[in-house]
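Values quoted throughout were computed directly from the atomic coordinates according to the rules given, and no laboratory measurement underlies them. Everything numeric in this text was worked out from a predicted model, so none of it was measured. We place every Cβ from the backbone using ideal geometry, glycine too, and count neighbours over all the protein chains shown.
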Amino acid sequence: MKIYLSCFPANGWGVGSVIGFALSEDGQGLASHLSSSIDFSKHDMGLTSDWKHDHYQKSYPEGYELIWVDDADTDPRWQAALKLNKASHSDDEQKDIK
């Protein structure tokens, strides 16, 4: 399973601060972390460390591959996973309405 990692500006948390997210290719949101920079986000989300790997292993015990996405707004892999994530939450909302 591919797990995409990316981060976004954390406005109001200090210059350069970002919020990192992990999103699997099947649309599951796995982890997030507030970091002081993009480089620290790569560490805090587990790309360059073993942080968060317990979360990833629980969801995908058969194995996973971490992939850093520089621009989640334009990356087609991230966008496809995000679409699956939104669809799964949309289905949950529909069940609640009925």
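Structure notes:
- Checked against (1) part of a helix (DSSP H, G or I); (2) in contact with a Ser or Thr (Cβ under 9 Å, 6 or more places away or on another chain), residue 30 passes all but condition (1).
- Meets criteria (at negative phi and in contact with a helix residue (DSSP H, G or I) (Cβ under 8 Å, 6 or more places away or on another chain)) for residue 5: yes
- Subset of segment 1-27 (residues that are out of contact with any Asp or Glu (no Cβ under 7 Å at 6 or more places or on another chain) and assigned to a loop (DSSP other than H, G, I, E, B)): 10, 11, 12, 13, 14, 15, 16, 17, 25, 26, 27
- Considering segment 11-55, the residues that are charged (D, E, K, R) and within 12 Å of residue 66 (Cα to Cα) include one that is surrounded by the most Cβ atoms within 10 Å (Cβ to Cβ), namely 52.
- Taking residues in segment 76-87 that are in contact (Cβ under 8 Å) with a residue 24 or more places away in the chain, and partners anywhere that are surrounded by fewer than 16 Cβ atoms within 10 Å (Cβ to Cβ), the pairs with Cβ atoms closer than 7 Å and at least 6 places apart or on different chains are 84/26; 85/29.
- Qualifying residue in segment 33-50 (condition: in a loop (DSSP other than H, G, I, E, B), under 14 Å from residue 2 (Cβ atoms), in contact with a helix residue (DSSP H, G or I) (Cβ under 8 Å, 6 or more places away or on another chain) and not small (Gly, Ala, Ser)): no
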